[in-house]
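Colleague: Before anything else, here's the structure in question.
The values are calculated or read from the model by the stated rules, or taken from the named source; none is laboratory data. Computed from a prediction, not measured in an experiment: that's the story for all the values here. Positions of Cβ are backbone-derived with ideal geometry, glycine not excepted, and every protein chain shown enters the neighbour counts.
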Amino acid sequence: MPRPCPAGYRPALTFSRSLPLTSSSTPSLSSLRIDRGATPTPPPSRRGLWLTVALLAIAAVGFAAWKLRAPAGREVQLGTAVATGGGSISAEGISANGYVVARTKASVAAKIPGRLEYLGVTEGSKVKTGEIIARIEAADFAAALAAARAQTAQVQVQIAQARRSLTRAQTLRKQDLNSDVDLENAQTALDALEAQLKTVRAQEQLASVNLENTRVRAPFDGTVLRKDAEVGEIVAPSSAGGGLTRTAIVTMADLRTLEVEVDVNEAYIAQIRSAQPAKITLDAYPDTSFTGAVRQVVPTADRQKATVLVKVSILDRDPRILPEMGAKVVFLPPHDGAQVAAAPRRVRVPKEAIATRDGRTVVWVVEGGVARPVVVEAGAEREGQTEVRNGLTGGESIVLDPPADLTDGARVRPAASKSQ
């Protein structure tokens with residue numbers, strides 16, 4: 001009985017060459033035999049075929065993505081170093097940007113809390129020192145003053161009576177019609193009433209001051225810049241304000257005291273002198289310049305910005321100059337002929353941009369998508385920023401946390417930027 005073939009088994013048919021086949025000979029069935037020792041050939045697997053196709057597709061997509069990304073080069077994080085505000089050296093002198101401010105400026109508030117019942121000014125109103133610009137509801141304070149005055153008058157009447165009693169007692173004592181005790185009692189009554197008069201007069205004065213405090217007066221000659229409260233609102237002194245209570249009624253300034261405040265880089269501050277002439281240009285009127293002079297160099301520096309505040313008086317009076325306008329100041333050479341020495345321009349960069357290569361301090365600068373090392377002189381570090389004394393001019397794109405294998409000429413593209 002023949003044995004069954006295993007699953008997937010394909011018998012191999014072989015022909016015996018002992019009897020060659022010719023056109024004239026008839027093949028014999030005995031010449032055909034099955035080689036049962038041949039290795040079985042499994043049928044091709046569909047799963048393997050699909051796996052092969054998928055791998056080829058993934059390889060093709062990866063190759064295409066690599067070709068598309070190849071021009072962009074290596075991706076690293078970038079930042080932008082910007083020169084710290086505070087000016088630069090130009091042909092005319094040191095320049096700096098700032099704002100127009102009023103040296104004499106105040107937020108005018110009421111001295112006592114209350115409801116605003118009168119406001120006699122608006123934006124642009126010119127006021128004189130002591131002029132009433134607003135008034136608080138004052139009925140209670142007026143009544144208190146009237147009561148204090150009435151009490152004062154009453155005590156004054158009682159004092160007049162006590163003085164007459166004392167005079168009569170003195171007369172009777174001279175005539176031995178009363179005793180020393182009666183005279184002393186009359187004197188004591190008069191002294192008590194005079195002491196009481198001092199008390200009621202103090203109360204009257206306090207009531208008068210409270211009533212006066214309901215009147216808000218201008219502290220100096222100036223111009224109203226802004227109304228901070230409206231009639232009907234509750235106002236109070238700044239120390240007592242809270243919630244919906246207004247702490248200022250108007251903001252005013254003396255426009256005759258306008259000046260420009262600028263932040264000058266501390267690298268140039270040694271070149272600025274008191275009374276040094278300056279040229280002022282407003283952002284609103286770039287074609288017009290005004291004369292100025294340094295009024296004060298504030299004797300302290302801003303450690304975050306590495307600048308010093310300089311106040312420049314505006315010598316030209318012009319109604320176009322308004323508080324809070326942007327302005328540029330050029331500090332001119334002094335009249336004594338002293339030259340303004342050019343100080344080195346310093347910039348600040350994130351401390352992550354500072355690297356060391358071959359024992360030198362460098363910053364990797366990106367120009368045209370290519371990174372190149374620039375040797376710099378690093379200075380003090382402040383608030384995560386490192387001062388660069390030379391090597392950079394400001395505004396360069398720089399690499400943050402440059403990798404150790406970054407090479408000169410490597411192509412990069414910005415991943416993020418960090419502004420100063």
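Colleague: Can Gly394 be described as in a loop (DSSP other than H, G, I, E, B) and either at pLDDT 85 or above or under 21 Å from Asp302 (Cα atoms) (or both)?
Modeller: Working: in a loop (DSSP other than H, G, I, E, B): yes; either at pLDDT 85 or above or under 21 Å from Asp302 (Cα atoms) (or both): yes.
Yes; evaluated as a whole, the condition is true for this residue.
Colleague: Regarding the range 152-164, can at least one residue be identified that is over 27 Å from Leu206 (Cα atoms) and of a type in the set (Val, Ile, Thr)?
Modeller: Among the residues of the range 152-164, not one is over 27 Å from Leu206 (Cα atoms) and of a type in the set (Val, Ile, Thr), which makes the answer no.
Colleague: Can you tell me which residue in the range 327-356 is modelled with the lowest pLDDT, limited to those that are of a type in the set (D, E, K, R) and in a strand (DSSP E or B)? Spell out how you get there, then give the answer.
Modeller: If we filter the range 327-356 for residues that are of a type in the set (D, E, K, R), which is where we start, we get 328, 336, 345-346, 348, 351-352.
Now drop any that are not in a strand (DSSP E or B), which leaves 328, 348.
Values: Lys328: 94, Arg348: 78.
My answer is Arg348.
Colleague: Also, I was wondering about something else. Which residues, taken from the range 172-219, are in a loop (DSSP other than H, G, I, E, B) and either in contact with a helix residue (DSSP H, G or I) (Cβ under 9 Å, 6 or more places away or on another chain) or surrounded by fewer than 17 Cβ atoms within 10 Å (Cβ to Cβ) (or both)? Spell out how you get there, then give the answer.
Modeller: Here is the first cut: in the range 172-219, the ones in a loop (DSSP other than H, G, I, E, B) are 175-179, 214, 218-219.
Answer for the range 172-219, where residues must be in a loop (DSSP other than H, G, I, E, B) and either in contact with a helix residue (DSSP H, G or I) (Cβ under 9 Å, 6 or more places away or on another chain) or surrounded by fewer than 17 Cβ atoms within 10 Å (Cβ to Cβ) (or both): Gln175, Asp176, Leu177, Asn178, Ser179, Thr214, Pro219.
Colleague: Then there's this: Does Gln296 satisfy the criteria of being touching a Lys or Arg at 6+ places or on another chain (Cβ under 7 Å) and on the phi < 0 side of the Ramachandran plot?
Modeller: For Gln296, the condition - touching a Lys or Arg at 6+ places or on another chain (Cβ under 7 Å) and on the phi < 0 side of the Ramachandran plot - is met.
Colleague: For Asp283, state whether it is among the charged types (D, E, K, R), closer than 27 Å to Ser107 by Cα and surrounded by fewer than 20 Cβ atoms within 10 Å (Cβ to Cβ).
Modeller: Details: among the charged types (D, E, K, R): yes; closer than 27 Å to Ser107 by Cα: yes; surrounded by fewer than 20 Cβ atoms within 10 Å (Cβ to Cβ): yes.
Spelling it out, Asp283 is indeed among the charged types (D, E, K, R), closer than 27 Å to Ser107 by Cα and surrounded by fewer than 20 Cβ atoms within 10 Å (Cβ to Cβ).
Colleague: Here's something else I'd like to know. For Leu166, work out the one condition from (1) at pLDDT below 95; (2) surrounded by fewer than 14 Cβ atoms within 10 Å (Cβ to Cβ) it doesn't fulfil.
Modeller: Condition (2) is where Leu166 drops out.
Colleague: Can you find, within the range 286-316, the residue that is surrounded by the fewest Cβ atoms within 10 Å (Cβ to Cβ) among those that are within 21 Å of Glu266 (Cβ to Cβ) and among the β-branched types (Val, Ile, Thr)?
Modeller: It comes out as Thr300.
Colleague: Let me ask you something else. Can you name the residue in the range 311-326 that is within 30 Å of the chain's Cα centre (by Cα) and basic (Lys, Arg) and, of all such residues, is modelled with the lowest pLDDT?
Modeller: Arg320
Colleague: Tell me which of these Thr129 doesn't satisfy, since it passes every other one: (1) in contact with a Pro (Cβ under 6 Å, 6 or more places away or on another chain); (2) at pLDDT 95 or above.
Modeller: (1)
Colleague: Still on this model: Against the condition not hydroxyl-bearing (Ser, Thr, Tyr) and not in a helix (DSSP H, G or I), how does Ile112 come out, does it pass?
Modeller: Yes; evaluated as a whole, the condition is true for this residue.
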